[in-house]
Amino acid sequence: MKQIKPLVIGLAGLLFFGFTSSFAATDYVTWDMPTPYPDKTFHTQNIIEFADQVKQLTDGRLAIKIHSAGSLFKHPEIKNAVRGGQVQIGEFFLSLLSNENAVFGADSQPFLATNYEEAMKLWGAQEPIIVPLLNAQMLQPLFAVPWPPQGLYTKKEITSVDDLKGIKFRAYNATLEKFANMVGAAPTQVEVPDIPQAFATGRVEAMITSPSTGANSKAWDFVEYFTDIKAWLPKNIVVVNRREFNKLDPDVQKAVLQAAQEAEVRGWEMSRKETAAKIAILKENGMKIVEPSKELMEGLKKIGEEMLVDWKKAAGKDGEELLTNYYK
């Protein structure tokens, strides 16, 4: 298996930007970290381990207080909260930034990368482009971890794209909203903690999401079918405010980077294990796990190809560079 390339940049790279440390070795710092998902989500569990390791490696000089499930800032607000210094560090869904630059949404392009090997290769092409974009906003990426391949959750069996027409469809980013429109569904923005209520009140009737989110949301309470279309593997990313990072002593910075590197490797492995485990939970609770029909997949992939054409236009030279490196 190809080794995961850590997102963190080396300490020498940080020194290049220049910083002055304002903390003595005996100072203790606490960072607030908003995350969008509940504690039982594997992303949050991985972040909890990351925070524990930072505390251990720094002998408690840096503590990271996690505010999960959107309890401190709602998901769409987290990136700007970190950028503006309201909090020092945060996690968010990378493709939420696709309206800023289409390259942020490369991992949410339908059927561009549909397994972990392809997702890792795509990240290798995407990372060098998005890191400078975030650095320009005084955001330092620390690590990124994918969700399991996205599947289709519905109340009735879906055998063709036409079966999706008119269905109220949960969307979580601009790409999925466009996808829903292209299949003739009606997209509605719904964050993960609100999924059960959205189905209960009829706001949505179907969704594309990971086995993790489906199992954690107890999807069997409101839908019957999980069609394993493996549409894409979107990523969450953890970023830190560069000004706050630069205030840390060099040895504390080094500890954060080490913990981040290990969190990325661990997170990818957790995601792999999560896929089969959570699909099994869906099945155990009575959901019908369906292999997609040839007709459905042909229709979905055709839409994916059309969306990629539009994405290339929006992404410009950055997108061309990304795809060139991805297809090497």
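Assorted remarks:
- Filter result for Phe143 (surrounded by 18 or more Cβ atoms within 10 Å (Cβ to Cβ), in contact with a Leu (Cβ under 6 Å, 6 or more places away or on another chain) and aromatic (Phe, Trp, Tyr)): yes
- Among residues of region 99-114 being more than 16 Å from Ala144 (Cα to Cα) and among the polar types (S, T, N, Q), the one that is surrounded by the fewest Cβ atoms within 10 Å (Cβ to Cβ) is Asn99.
- Test: residue in region 160-172 that is surrounded by fewer than 20 Cβ atoms within 10 Å (Cβ to Cβ), among the polar types (S, T, N, Q) and free of Cβ contacts under 8 Å to residues at least 40 places away in the same chain: no
- One residue stands out among those in region 25-46 that are part of a loop (DSSP other than H, G, I, E, B) and open to solvent by less than 20 Å² (accessible area, probe 1.4 Å): the one that is nearest to Lys218 (Cα to Cα), which is Thr41.
- The single condition from (1) of a type outside the set (Val, Ile, Thr); (2) closer than 30 Å to Leu62 by Cα; (3) in contact with a strand residue (DSSP E or B) (Cβ under 7 Å, 6 or more places away or on another chain) that Glu269 fails is (3).
- Condition check for Phe222: surrounded by 22 or more Cβ atoms within 10 Å (Cβ to Cβ), more than 14 Å from the chain's Cα centre (by Cα) and of a type in the set (Phe, Trp, Tyr): no
- Scanning region 231-246 for residues that are buried (at least 18 other Cβ atoms within 10 Å of the Cβ) and charged (D, E, K, R) yields Lys235, Arg242.
- Residues of region 239-295 that are under 16 Å from Tyr153 (Cβ atoms), among the basic types (Lys, Arg) and in a helix (DSSP H, G or I): Lys278, Lys283.
- Counting only residues that are out of contact with any strand residue (DSSP E or B) (no Cβ under 9 Å at 6 or more places or on another chain) and closer than 26 Å to Thr209 by Cα, region 233-261 holds 0 of them.
- Boolean, Asp310 is surrounded by fewer than 15 Cβ atoms within 10 Å (Cβ to Cβ) and either at pLDDT 95 or above or outside any helix (DSSP H, G or I) (or both): yes
- Residues satisfying the stated conditions in region 296-328, i.e. closer than 20 Å to Glu157 by Cβ and under 25 Å from the mean Cα position of the chain (by Cα): Met297, Leu300, Lys301, Ile303
- The residues listed here are Glu264, Glu298, Glu305, Glu320; of these, the one that is more than 18 Å from Ala215 (Cα to Cα), among the charged types (D, E, K, R), crowded, with 19+ Cβ neighbours inside 10 Å and modelled with pLDDT of 95 or more is Glu264.
Results for (1) part of a loop (DSSP other than H, G, I, E, B); (2) more than 18 Å from the chain's Cα centre (by Cα); (3) on the phi < 0 side of the Ramachandran plot, shown as yes or no for each residue.
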site	(1), (2), (3)
Ile48	no, no, yes
Gly60	yes, yes, no
Ile66	no, no, yes
Leu72	yes, yes, yes
Ala81	no, no, yes
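- For region 52-91, filtering for residues that are open to solvent by 70 Å² or more (accessible area, probe 1.4 Å) and in contact with a Pro (Cβ under 7 Å, 6 or more places away or on another chain) leaves 1.
- Contacts under 6 angstrom Cβ, first residue in region 310-328 being more than 12 Å from Leu122 (Cα to Cα) and in contact (Cβ under 8 Å) with a residue 12 or more places away in the chain, partner surrounded by 15 or more Cβ atoms within 10 Å (Cβ to Cβ) and of a type in the set (Val, Ile, Thr), 6 or more apart: Ala315/Val103; Asp318/Val103; Asp318/Ile129
The values are calculated or read from the model by the stated rules, or taken from the named source; none is laboratory data. From a predicted model like this one, the values you see are computed outputs, not experimental measurements. Positions of Cβ are generated from backbone atoms using ideal geometry, with glycine treated the same way; all protein chains shown enter the neighbour counts. Note: accessible area is taken over every heavy atom of the protein model, side chains too, but ligands, DNA and RNA are not part of it. Shrake-Rupley method; radii C 1.70, N 1.55, O 1.52, S 1.80 Å.
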